[in-house]
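The values are calculated or read from the model by the stated rules, or taken from the named source; none is laboratory data. All of these numbers come straight from a predicted model, not from anything done at the bench. Methodologically, a virtual Cβ is constructed for each residue, glycine included, from the backbone with ideal geometry; neighbour enumeration extends over all protein chains shown.
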Amino acid sequence: MTKKLTEKKPYTVKRSIAGLGLFATAPMKRGDFIIEYTGELISTDEADRRGGKYLFVVSDTKTIDGKGRENIARYINHSCAPNAEAELDEDELRVRIYAKKKILPGEEIFYDYGSEYWDEHIKPYGCRCIGCKK
Ligand SMILES: [Zn+2]
């Protein structure tokens with residue numbers, strides 16, 4: 001892939017404590033849209049069959065499988081005290097990540113993955129997010 005990005009994005013993917021992470025490259029204020037969590041919209045049955053760590057449940061019957069590399073939002077790591085939040089549009093079945101507070105350039109962006117993910121993928125190993133004591 002040698003395609004040049006012409007549109008300037010307010011974030012970049014860099015190495016973080018937990019592998020790769022998404023970092024702000026521009027200042028953001030509370031409520032600012034950061035990025036959409038994109039992927040294939042599949043049925044819950046199909047999601048259960050596939051498994052994986054990039055499944056985002058968007059309704060009782062639908063899940064976004066965000067494992068594709070074009071889904072930059074999948075690089076956002078979990079935090080129990082995050083600076084961003086994922087907001088589900090229940091009509092469009094789309095997930096957008098917004099700044100939850102002021103974020104400065106260079107800061108890593110986090111959101112809370114939610115209790116279901118936490119119980120399944122984080123609890124068994126212990127949460128290593130910044131400032132987490134669980
Ligand atoms: Zn934590």
May I ask you to list the residues in segment 1-29 that are among the hydroxyl-bearing types (S, T, Y), over 14 Å from the mean Cα position of the chain (by Cα) and at pLDDT 75 or above? S16, T25
Out of all the residues in segment 112-130, which are of a type in the set (A, V, I, L, M, F, W, C), in a helix (DSSP H, G or I) and either surrounded by fewer than 17 Cβ atoms within 10 Å (Cβ to Cβ) or out of contact with any Cys (no Cβ under 9 Å at 6 or more places or on another chain) (or both)? W118
Residues within segment 63-111 that are closer than 16 Å to E36 by Cβ and either among the β-branched types (V, I, T) or in a strand (DSSP E or B) (or both), tallied: 19
Those residues of segment 120-133 that are near the ligand (Cβ under 9 Å from one of its atoms) and touching a residue at least 40 places away in the same chain (Cβ under 8 Å) come to a total of 7
In the set G114, G131, the lone residue that is over 20 Å from G66 (Cα atoms) and either among the small types (G, A, S) or modelled with pLDDT under 90 (or both) is G131
Single residue of D60, D89 found to be without any contact (Cβ under 8 Å) to a residue 24 or more places away in the chain, away from the ligand (no atom under 16 Å from the Cβ) and closer than 24 Å to Y11 by Cα: D89
Yes or no: L93 on the phi > 0 side of the Ramachandran plot and modelled with pLDDT of 90 or more? yes
Quick check on segment 92-119: of everything there that is charged (D, E, K, R), in contact with a strand residue (DSSP E or B) (Cβ under 8 Å, 6 or more places away or on another chain) and more than 24 Å from L41 (Cα to Cα), which residue is farthest from the ligand (Cβ to nearest atom)? K102
How many residues does segment 40-62 hold that are under 13 Å from the mean Cα position of the chain (by Cα) and in a loop (DSSP other than H, G, I, E, B)? 2
For segment 5-46, which positions are surrounded by fewer than 18 Cβ atoms within 10 Å (Cβ to Cβ), closer than 25 Å to S115 by Cβ and in contact with a Leu (Cβ under 9 Å, 6 or more places away or on another chain)? S16, L41, I42
